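Here it is: the structure, laid out below.
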Amino acid sequence: MNSEPAYLKSHTTGRLKDITDELRGVIRACALCPHRCGVDRTIGERGKCRSGALPIVSSFHAHFGEERPLVGRGGSGAIFFTNCNLACIFCQNYDISHYGRGDEVSFDELAAMMLALQAKGCHNINFVSPSHMLYSIVEALLIAVPRGLSLPLVYNTGGYDSANIIHLIDGVFDIYMPDFKFMDASVANELSDAPDYPERAMEAVAEMHRQVGDLELDDRGIARRGLLVRHLVLPNNIARTDAVLDFLAGLSRDTYVNIMDQYRPEYRARECFDLRRRVTLQEFDAAVAWARKAGLRRIDGV
Ligand code: SF4
(Lines give C-alpha, C1' and ligand atoms only; values in the text may rest on other atoms or scores of the structure.)
Protein backbone atom coordinates (compact mmCIF):
# COMPACT_ATOMS: atom_id res chain seq x y z
CA MET A 1 0.00 0.00 0.00
CA ASN A 2 1.28 3.48 -0.88
CA SER A 3 1.00 5.32 2.45
CA GLU A 4 1.68 8.82 1.15
CA PRO A 5 -1.44 11.00 1.15
CA ALA A 6 -2.75 11.61 -2.34
CA TYR A 7 -2.66 15.39 -2.15
CA LEU A 8 1.14 15.51 -1.77
CA LYS A 9 1.53 14.16 -5.29
CA SER A 10 -1.27 16.43 -6.51
CA HIS A 11 0.60 19.40 -5.08
CA THR A 12 3.88 18.37 -6.71
CA THR A 13 2.31 17.91 -10.13
CA GLY A 14 0.38 21.18 -9.97
CA ARG A 15 -2.97 19.39 -9.97
CA LEU A 16 -3.92 20.83 -6.58
CA LYS A 17 -3.48 24.35 -7.95
CA ASP A 18 -5.56 23.46 -11.02
CA ILE A 19 -8.33 22.06 -8.81
CA THR A 20 -8.29 25.25 -6.73
CA ASP A 21 -8.63 27.40 -9.83
CA GLU A 22 -11.52 25.27 -11.09
CA LEU A 23 -13.33 25.40 -7.75
CA ARG A 24 -12.91 29.19 -7.62
CA GLY A 25 -14.76 29.25 -10.93
CA VAL A 26 -17.45 26.90 -9.62
CA ILE A 27 -18.34 29.18 -6.69
CA ARG A 28 -18.71 32.19 -9.01
CA ALA A 29 -22.02 30.65 -10.10
CA CYS A 30 -22.15 28.20 -7.27
CA ALA A 31 -22.67 24.59 -8.27
CA LEU A 32 -20.48 23.08 -5.57
CA CYS A 33 -23.33 20.91 -4.37
CA PRO A 34 -26.52 19.56 -5.94
CA HIS A 35 -28.54 22.63 -4.91
CA ARG A 36 -26.74 24.51 -7.71
CA CYS A 37 -27.77 27.91 -6.30
CA GLY A 38 -25.94 29.82 -9.03
CA VAL A 39 -24.87 32.67 -6.73
CA ASP A 40 -21.47 34.36 -6.94
CA ARG A 41 -19.97 33.64 -3.55
CA THR A 42 -16.80 35.58 -4.39
CA ILE A 43 -18.74 38.87 -4.27
CA GLY A 44 -20.73 38.09 -1.15
CA GLU A 45 -23.84 36.47 -2.61
CA ARG A 46 -25.20 33.60 -0.53
CA GLY A 47 -27.01 30.42 -1.47
CA LYS A 48 -28.73 27.81 0.67
CA CYS A 49 -25.56 27.21 2.71
CA ARG A 50 -25.35 30.93 3.60
CA SER A 51 -21.57 30.89 3.08
CA GLY A 52 -19.20 33.07 1.13
CA ALA A 53 -15.77 32.31 -0.28
CA LEU A 54 -13.86 32.35 3.00
CA PRO A 55 -13.92 29.46 5.48
CA ILE A 56 -16.17 29.73 8.55
CA VAL A 57 -15.06 27.51 11.43
CA SER A 58 -16.89 26.77 14.67
CA SER A 59 -14.06 24.83 16.35
CA PHE A 60 -11.06 22.59 15.75
CA HIS A 61 -9.58 20.04 18.10
CA ALA A 62 -8.36 16.47 18.54
CA HIS A 63 -11.59 14.48 18.44
CA PHE A 64 -11.83 11.13 20.23
CA GLY A 65 -15.51 10.43 19.48
CA GLU A 66 -15.08 9.36 15.86
CA GLU A 67 -14.80 5.79 14.58
CA ARG A 68 -11.86 3.79 15.94
CA PRO A 69 -9.88 3.72 12.66
CA LEU A 70 -9.80 7.52 12.71
CA VAL A 71 -9.07 8.04 16.39
CA GLY A 72 -6.22 5.71 17.42
CA ARG A 73 -4.20 7.19 20.28
CA GLY A 74 -3.75 10.72 18.96
CA GLY A 75 -7.33 11.47 17.95
CA SER A 76 -8.83 12.70 14.72
CA GLY A 77 -7.94 16.30 13.91
CA ALA A 78 -11.44 17.66 13.41
CA ILE A 79 -12.18 21.04 11.88
CA PHE A 80 -15.89 21.83 12.19
CA PHE A 81 -17.21 24.10 9.47
CA THR A 82 -20.13 26.38 10.15
CA ASN A 83 -23.36 26.15 8.11
CA CYS A 84 -24.38 23.20 5.96
CA ASN A 85 -25.78 22.47 2.52
CA LEU A 86 -28.54 20.33 4.07
CA ALA A 87 -31.41 21.63 6.19
CA CYS A 88 -32.06 18.59 8.36
CA ILE A 89 -34.81 19.27 10.89
CA PHE A 90 -33.30 16.64 13.24
CA CYS A 91 -29.75 18.05 13.20
CA GLN A 92 -27.93 17.51 16.49
CA ASN A 93 -25.42 20.31 15.74
CA TYR A 94 -28.05 22.86 14.74
CA ASP A 95 -26.34 25.75 16.53
CA ILE A 96 -23.44 25.33 14.09
CA SER A 97 -25.21 24.11 10.95
CA HIS A 98 -28.38 26.21 11.10
CA TYR A 99 -27.71 29.10 13.48
CA GLY A 100 -24.24 29.77 12.07
CA ARG A 101 -22.14 29.61 15.23
CA GLY A 102 -18.54 30.14 14.16
CA ASP A 103 -16.09 32.70 12.83
CA GLU A 104 -14.89 33.55 9.37
CA VAL A 105 -11.16 32.93 9.07
CA SER A 106 -8.53 33.42 6.36
CA PHE A 107 -7.10 30.61 4.23
CA ASP A 108 -3.86 31.13 6.12
CA GLU A 109 -5.62 30.61 9.46
CA LEU A 110 -7.32 27.46 8.17
CA ALA A 111 -3.92 26.14 7.06
CA ALA A 112 -2.52 26.94 10.52
CA MET A 113 -5.34 24.91 12.12
CA MET A 114 -4.38 21.87 10.03
CA LEU A 115 -0.74 22.20 11.00
CA ALA A 116 -1.59 22.69 14.69
CA LEU A 117 -3.65 19.47 14.69
CA GLN A 118 -0.78 17.64 13.01
CA ALA A 119 1.67 19.00 15.61
CA LYS A 120 -0.65 17.72 18.38
CA GLY A 121 -0.27 14.16 17.12
CA CYS A 122 -3.63 13.67 15.43
CA HIS A 123 -3.79 10.87 12.86
CA ASN A 124 -5.66 12.78 10.19
CA ILE A 125 -7.30 16.10 9.34
CA ASN A 126 -11.04 15.56 9.49
CA PHE A 127 -13.05 18.22 7.64
CA VAL A 128 -16.55 18.12 9.12
CA SER A 129 -19.27 19.42 6.74
CA PRO A 130 -16.84 20.18 3.90
CA SER A 131 -19.20 20.20 0.89
CA HIS A 132 -19.92 23.94 0.86
CA MET A 133 -16.34 24.76 1.98
CA LEU A 134 -14.39 22.79 -0.62
CA TYR A 135 -12.91 25.82 -2.30
CA SER A 136 -11.62 27.14 1.05
CA ILE A 137 -10.12 23.78 1.93
CA VAL A 138 -8.03 23.49 -1.22
CA GLU A 139 -6.91 27.14 -1.00
CA ALA A 140 -5.69 26.42 2.54
CA LEU A 141 -4.00 23.20 1.42
CA LEU A 142 -1.91 25.18 -1.05
CA ILE A 143 -0.54 27.01 2.00
CA ALA A 144 -0.33 24.06 4.41
CA VAL A 145 1.44 21.54 2.16
CA PRO A 146 4.63 23.58 1.62
CA ARG A 147 4.68 24.12 5.40
CA GLY A 148 4.80 20.37 6.04
CA LEU A 149 1.25 19.03 6.18
CA SER A 150 1.42 15.30 5.56
CA LEU A 151 -1.57 13.69 7.32
CA PRO A 152 -4.36 11.89 5.47
CA LEU A 153 -7.39 14.11 4.80
CA VAL A 154 -10.92 13.03 5.68
CA TYR A 155 -13.95 14.33 3.77
CA ASN A 156 -16.64 14.02 6.46
CA THR A 157 -19.82 14.89 4.59
CA GLY A 158 -23.57 14.67 5.01
CA GLY A 159 -23.62 12.90 1.65
CA TYR A 160 -25.36 15.58 -0.43
CA ASP A 161 -22.54 16.01 -2.90
CA SER A 162 -22.35 16.28 -6.67
CA ALA A 163 -20.56 13.37 -8.30
CA ASN A 164 -18.93 15.72 -10.83
CA ILE A 165 -17.43 17.81 -8.03
CA ILE A 166 -16.21 14.67 -6.24
CA HIS A 167 -14.70 13.62 -9.56
CA LEU A 168 -13.01 17.02 -9.86
CA ILE A 169 -11.31 16.67 -6.45
CA ASP A 170 -9.89 13.23 -7.21
CA GLY A 171 -6.41 13.24 -5.68
CA VAL A 172 -7.18 15.55 -2.73
CA PHE A 173 -8.80 13.41 -0.04
CA ASP A 174 -7.57 10.05 1.18
CA ILE A 175 -10.61 9.05 3.21
CA TYR A 176 -14.19 9.74 2.30
CA MET A 177 -16.61 9.50 5.21
CA PRO A 178 -20.11 10.28 3.94
CA ASP A 179 -23.36 9.88 5.76
CA PHE A 180 -25.94 8.00 3.76
CA LYS A 181 -29.05 9.40 5.38
CA PHE A 182 -32.10 8.20 3.44
CA MET A 183 -33.17 6.19 0.45
CA ASP A 184 -36.65 7.74 0.21
CA ALA A 185 -37.11 10.96 -1.78
CA SER A 186 -40.22 12.18 0.05
CA VAL A 187 -38.53 11.67 3.42
CA ALA A 188 -35.39 13.45 2.17
CA ASN A 189 -37.58 16.32 1.05
CA GLU A 190 -39.50 16.58 4.31
CA LEU A 191 -36.53 16.16 6.63
CA SER A 192 -33.65 17.80 4.72
CA ASP A 193 -35.18 19.86 1.91
CA ALA A 194 -33.30 17.74 -0.63
CA PRO A 195 -35.69 15.41 -2.49
CA ASP A 196 -32.92 14.23 -4.81
CA TYR A 197 -30.73 13.20 -1.86
CA PRO A 198 -30.95 9.44 -2.57
CA GLU A 199 -29.85 9.74 -6.21
CA ARG A 200 -27.16 12.34 -5.56
CA ALA A 201 -25.77 10.40 -2.59
CA MET A 202 -25.67 7.15 -4.57
CA GLU A 203 -23.79 8.85 -7.43
CA ALA A 204 -21.39 10.66 -5.08
CA VAL A 205 -20.64 7.65 -2.87
CA ALA A 206 -20.05 5.46 -5.93
CA GLU A 207 -17.53 8.03 -7.22
CA MET A 208 -15.86 8.20 -3.79
CA HIS A 209 -15.52 4.42 -3.77
CA ARG A 210 -14.14 4.44 -7.32
CA GLN A 211 -11.40 6.83 -6.22
CA VAL A 212 -10.28 5.38 -2.90
CA GLY A 213 -11.75 1.88 -2.67
CA ASP A 214 -12.54 0.03 0.54
CA LEU A 215 -11.12 1.31 3.81
CA GLU A 216 -7.45 0.39 4.30
CA LEU A 217 -5.89 0.33 7.77
CA ASP A 218 -2.23 0.44 8.73
CA ASP A 219 -0.65 -2.01 11.16
CA ARG A 220 -1.92 0.05 14.11
CA GLY A 221 -5.50 -0.14 12.83
CA ILE A 222 -5.46 3.51 11.72
CA ALA A 223 -7.24 4.42 8.47
CA ARG A 224 -4.92 5.48 5.66
CA ARG A 225 -7.26 5.52 2.70
CA GLY A 226 -10.71 4.44 1.58
CA LEU A 227 -14.42 4.77 2.17
CA LEU A 228 -16.19 4.74 5.53
CA VAL A 229 -19.97 5.24 5.46
CA ARG A 230 -22.20 6.30 8.33
CA HIS A 231 -25.88 5.58 8.53
CA LEU A 232 -28.13 6.82 11.32
CA VAL A 233 -31.04 4.49 12.01
CA LEU A 234 -34.32 6.43 12.30
CA PRO A 235 -37.59 5.31 13.92
CA ASN A 236 -40.02 3.21 11.89
CA ASN A 237 -37.34 2.71 9.22
CA ILE A 238 -38.28 5.99 7.53
CA ALA A 239 -34.67 6.24 6.29
CA ARG A 240 -35.10 2.93 4.41
CA THR A 241 -32.05 1.50 6.11
CA ASP A 242 -32.51 -1.81 4.29
CA ALA A 243 -32.20 -0.12 0.88
CA VAL A 244 -29.21 1.97 1.99
CA LEU A 245 -27.36 -1.15 3.14
CA ASP A 246 -28.24 -3.03 -0.06
CA PHE A 247 -26.73 -0.18 -2.06
CA LEU A 248 -23.55 -0.15 0.03
CA ALA A 249 -23.17 -3.92 -0.27
CA GLY A 250 -23.56 -3.50 -4.03
CA LEU A 251 -20.50 -1.21 -4.04
CA SER A 252 -18.51 -3.79 -2.14
CA ARG A 253 -19.23 -6.32 0.57
CA ASP A 254 -16.16 -4.82 2.29
CA THR A 255 -17.61 -1.32 2.50
CA TYR A 256 -16.88 -0.19 6.06
CA VAL A 257 -20.20 0.89 7.60
CA ASN A 258 -21.02 2.50 10.91
CA ILE A 259 -24.69 1.83 11.67
CA MET A 260 -25.54 4.40 14.32
CA ASP A 261 -28.16 4.07 17.05
CA GLN A 262 -27.84 7.46 18.70
CA TYR A 263 -30.75 9.28 17.07
CA ARG A 264 -32.59 11.51 19.53
CA PRO A 265 -35.20 14.19 18.85
CA GLU A 266 -33.38 17.53 18.56
CA TYR A 267 -33.95 20.89 16.92
CA ARG A 268 -37.26 20.72 14.95
CA ALA A 269 -37.50 16.89 14.89
CA ARG A 270 -40.84 16.86 16.68
CA GLU A 271 -42.45 18.42 13.58
CA CYS A 272 -42.24 14.91 12.08
CA PHE A 273 -44.40 12.36 13.92
CA ASP A 274 -41.95 9.49 13.33
CA LEU A 275 -39.02 11.44 14.73
CA ARG A 276 -40.50 12.08 18.17
CA ARG A 277 -38.81 9.14 19.83
CA ARG A 278 -35.47 7.35 19.87
CA VAL A 279 -34.99 4.08 17.99
CA THR A 280 -35.67 0.87 19.86
CA LEU A 281 -33.16 -1.91 20.41
CA GLN A 282 -35.26 -4.07 18.07
CA GLU A 283 -35.02 -1.45 15.32
CA PHE A 284 -31.26 -1.25 15.67
CA ASP A 285 -30.90 -5.03 15.72
CA ALA A 286 -33.02 -5.22 12.56
CA ALA A 287 -30.66 -2.75 10.86
CA VAL A 288 -27.62 -4.87 11.72
CA ALA A 289 -29.46 -7.97 10.50
CA TRP A 290 -30.19 -6.21 7.18
CA ALA A 291 -26.50 -5.39 6.85
CA ARG A 292 -25.58 -9.04 7.39
CA LYS A 293 -28.27 -10.18 4.97
CA ALA A 294 -26.97 -7.74 2.36
CA GLY A 295 -23.56 -9.38 2.75
CA LEU A 296 -21.70 -6.51 4.43
CA ARG A 297 -18.69 -7.81 6.35
CA ARG A 298 -17.27 -4.68 8.01
CA ILE A 299 -19.73 -3.17 10.44
CA ASP A 300 -18.18 -0.76 12.94
CA GLY A 301 -18.39 -1.93 16.53
CA VAL A 302 -20.47 -5.03 15.79
S1 SF4 B 1 -22.45 25.03 -1.84
FE2 SF4 B 1 -23.97 26.48 -0.99
S3 SF4 B 1 -24.24 28.11 -2.52
FE4 SF4 B 1 -23.16 26.39 -3.50
S5 SF4 B 1 -24.78 25.19 -4.50
FE6 SF4 B 1 -24.46 24.29 -2.46
S7 SF4 B 1 -25.91 25.31 -1.06
FE8 SF4 B 1 -25.77 26.54 -2.95
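The values are calculated or read from the model by the stated rules, or taken from the named source; none is laboratory data. If you're wondering where the values come from, they're calculated on a predicted model, not measured in any experiment. Note that each Cβ is placed from the backbone with ideal geometry, even for glycine, and that neighbours are counted across all protein chains shown. Please note that ligands, DNA and RNA were not included when accessible areas were found on the heavy atoms of the full protein model with its side chains. Shrake-Rupley method; radii C 1.70, N 1.55, O 1.52, S 1.80 Å.
How many percent of the accessible area of the chain is carbon or sulfur, using a 1.4 Å probe?
48 percent
What accessible area per residue comes out for the chain, rounded to a whole number of Å², with a 1.4 Å probe?
It amounts to 41 Å² per residue over the chain.
Sticking with the crude label model, points 7 Å out along Cα→Cβ, report the distance from ARG278 to ASP193 in nm, one decimal please.
3.0 nm
Just to confirm a number: summing +1 for Lys and Arg and -1 for Asp and Glu over residues other than TYR176 whose beta-carbon lies under 12 angstrom from that of TYR176, what do you get?
Local net charge: -3.
Under the rule of at least 5 residues apart or a separate chain, name every residue whose amide H is placed under 5 Å from the amide H of MET260.
Those lying under 5 Å, H to H, from MET260 are HIS231, LEU232, VAL233.
If you don't mind, there's one more thing I want to ask. Once the Cα atoms of segment 208-302 are picked out, what are the Rg and Dmax in Å?
14.7, 47
Counting Lys and Arg as +1 and Asp and Glu as -1, what is the net charge of the other residues whose Cβ lies under 12 Å from the Cβ of ARG270?
Here the charged neighbours net out to +1.
Please enumerate, by chain and number, the lysines with C-alpha under 30 Å from the C-alpha of LYS9, excluding those fewer than 8 residues away in the same chain.
Leaving aside lysines fewer than 8 places away in the same chain, those within reach of LYS9 are LYS17, LYS120.
What does segment 105-220 give for Rg and for Dmax, in Å, if only its C-alpha atoms count?
When restricted to the Cα atoms of segment 105-220, Rg and Dmax are 15.4, 47 Å.
Follow-up. Output ³J(HN,Hα) for segment 256-265: one whole-Hz value per residue in order, computed from phi by the Karplus curve 6.51 cos²θ - 1.76 cosθ + 1.60 with θ = phi - 60°, and x for Gly and Pro.
7, 10, 9, 8, 9, 10, 8, 4, 9, x
Moving on to the next point. Quick one: if the Förster radius is 22 Å, what FRET efficiency do THR12 and ARG210 give, using the C-beta to C-beta distance and rounding to 0.05?
0.45
Of ARG147, ARG225, which has the most accessible area and how do the rest follow, probe 1.4 Å?
ARG147, ARG225
What residue among PRO198, GLY100, THR42 has its Cα farthest toward the positive end of the dipole of the chain, where the charges are +1 on Lys, Arg and -1 on Asp, Glu, each on the Cβ?
GLY100
Let me ask you something else. Size of segment 72-111 along its principal axes in angstrom, Cα-based, largest extent first?
Result for segment 72-111: principal-axis Cα extents of 32, 29, 14 Å.
While we're looking at this one, here's another question. Distance between Cα centroids, segment 206-273 to segment 151-178: provide it in whole Å.
Distance between centres, Cα-based: 15 Å.
Then there's this: Work out from phi, with θ = phi - 60° and the Karplus expression 6.51 cos²θ - 1.76 cosθ + 1.60, the ³J(HN,Hα) of each residue of segment 55-69, listed in order in whole Hz, and give x for Gly and Pro.
Using θ = phi - 60°, the values come out as x, 10, 10, 8, 6, 8, 5, 5, 10, 10, x, 7, 4, 3, x Hz.
Using +1 on the beta carbon of Lys and Arg, -1 on that of Asp and Glu, and nothing else charged, what's the dipole of the chain about the Cα centre, debye to 20?
340 debye
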